[in-house]
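The values are calculated or read from the model by the stated rules, or taken from the named source; none is laboratory data. Just so we're clear, the structure is a prediction, and the values are computed from it rather than from any experiment. Quick reminder, even Gly has a Cβ in these numbers, built from the backbone with ideal geometry, and neighbours come from all protein chains shown.
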Amino acid sequence: MEKQVLTIVCKINPTPEQVAKIEVTLKAFADACNYINEVVEPKITHNVTIQNQVYGEVRERFGLASNLAIRAINRVSANRKTAKRMNKPVRKFLPTSADYDARIFSFKEKDWSVSLTLVGGRERFLVDVGSYQKGKLSGFTPTSATLVKHQNDTYSVNIQVKNDAPNPQKSQGVIGVDLGRRDVAVTSEGERFSGQQITEVRDKYSKVRASLQKKASEGTRSTRRRARRCLKRLSGRERRFQSWVNHNVSKHIVGKAKQLGASIAIEDLTGIRERTNKQPRNKTERRRSNSWAFFQLRTFLDYKALGAGVEVIKINPAYTSQTCHKCLHIHPVKGKSYRIGKTFSCGHCNWKGDADFNGANVIKLLGASVNSPGGSYLSCELRRKVETLHATSLHPT
């Protein structure tokens, strides 16, 4: 049975003496990660190989407990694997978090407290928990957590809880979901989640940040200080608003799929930011596109669907916006004569309608073909059309 991992954020209120120990621990953990990444050959990504080379030196140099040193090694290993997959360098590690396992972390439901091993000894903290945290943590003995320092200088322990995910429900159909910026999501059921409010909020924060950054660099000493404080206070608001929207959108879509007994088909948009950045656009459009949280919404859909027993099908986004869901005719990209504004107009069967709704239905058909007992008949149909289109472009009549 598949496991679902939920992260429960629990705020802690350490004493000044405990704060000092936390700061020393976070700095030592980050310094250890940076040291490991510097001295170990970049191509080595396996945690055991890295451990054999630097474990003893890391413990001696940074004063970390044995399992904190192991967690630092494992974090470097994981980050290197991710960076290699994304073809990017490993970023510098900052003193904002440290990973814990069962040997250096424990949770007590009796008094709602956590115990953490820090540099200088073990410390116990009472956690601020509401009804949500209590409902998720009651009856569990979690074995891993992350100590986190937030930008407003508060601290939390993010506790990981593992649950057995329910078996996926037997699919009675597929709901196609087209992700976008003007509309956050459009489903094949005709539901639309507008992105206008998100764009307006982001534009507002962008203007405020630009104004404050100018004051922080050009104003008087007191003006610069006040501007920096305001920037710090505003930091994260835009991100939290985006998360709130994505949580609501994903919750509604998964709930609809659960109600209909359907699977969810979405596009695999990995690397879309790199592809869209190659296109000529003005500064405003580039900023809006680069803050487009496709991956977060997809992640929310994944974990909510897993908990609800709903299957999520990832499909290749190629040609989904060019294909007519009625006749499966693929229109050439050049000129985009098939699309005017938000209207899709098929030149083959004369169907006309909302372009995002058409895309969602194409995604639905592709998702249904993936689960088809007889095989992916639709992908074969699309392949023949693509080959015909390619041959036509090479040998025009």
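When residues in region 218-234 are screened for being surrounded by 14 or more Cβ atoms within 10 Å (Cβ to Cβ) and within 17 Å of residue 204 (Cα to Cα), 3 of them pass. Considering 208, 245, 201, the condition of being assigned to a helix (DSSP H, G or I), under 30 Å from residue 12 (Cα atoms) and among the β-branched types (Val, Ile, Thr) is satisfied by 245 alone. Whenever a residue of region 30-52 is among the hydroxyl-bearing types (Ser, Thr, Tyr), its partners that are surrounded by 19 or more Cβ atoms within 10 Å (Cβ to Cβ), lying with C-beta atoms within less than 6 angstrom and at least six residues away or across chains, give the pairs 45/77; 45/80. Apart from one condition, residue 94 fits all of (1) out of contact with any helix residue (DSSP H, G or I) (no Cβ under 8 Å at 6 or more places or on another chain); (2) outside any helix (DSSP H, G or I); (3) closer than 30 Å to residue 126 by Cβ; the exception is (1).
Each residue in region 185-209 was checked for being hydrophobic (A, V, I, L, M, F, W, C) and modelled with pLDDT of 85 or more, and 4 pass. Looking only at region 50-69, residues that are surrounded by 14 or more Cβ atoms within 10 Å (Cβ to Cβ) and assigned to a helix (DSSP H, G or I) come to 13 in all. When 93, 105 are screened for being crowded, with 21+ Cβ neighbours inside 10 Å and of a type in the set (Phe, Trp, Tyr), only 105 passes. Of the residues making up region 80-87, none is more than 25 Å from the chain's Cα centre (by Cα) and either on the phi < 0 side of the Ramachandran plot or assigned by TED's automatic domain parsing to the domain that holds residue 134 (or both).
The rows are residues; the columns are (1) part of a loop (DSSP other than H, G, I, E, B); (2) touching a residue at least 12 places away in the same chain (Cβ under 8 Å); (3) buried (at least 18 other Cβ atoms within 10 Å of the Cβ).
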{"residue": "147", "(1), (2), (3)": "no, yes, yes"}
{"residue": "157", "(1), (2), (3)": "no, yes, yes"}
{"residue": "171", "(1), (2), (3)": "yes, yes, yes"}
{"residue": "176", "(1), (2), (3)": "no, yes, yes"}
{"residue": "185", "(1), (2), (3)": "no, yes, yes"}
{"residue": "190", "(1), (2), (3)": "yes, yes, no"}
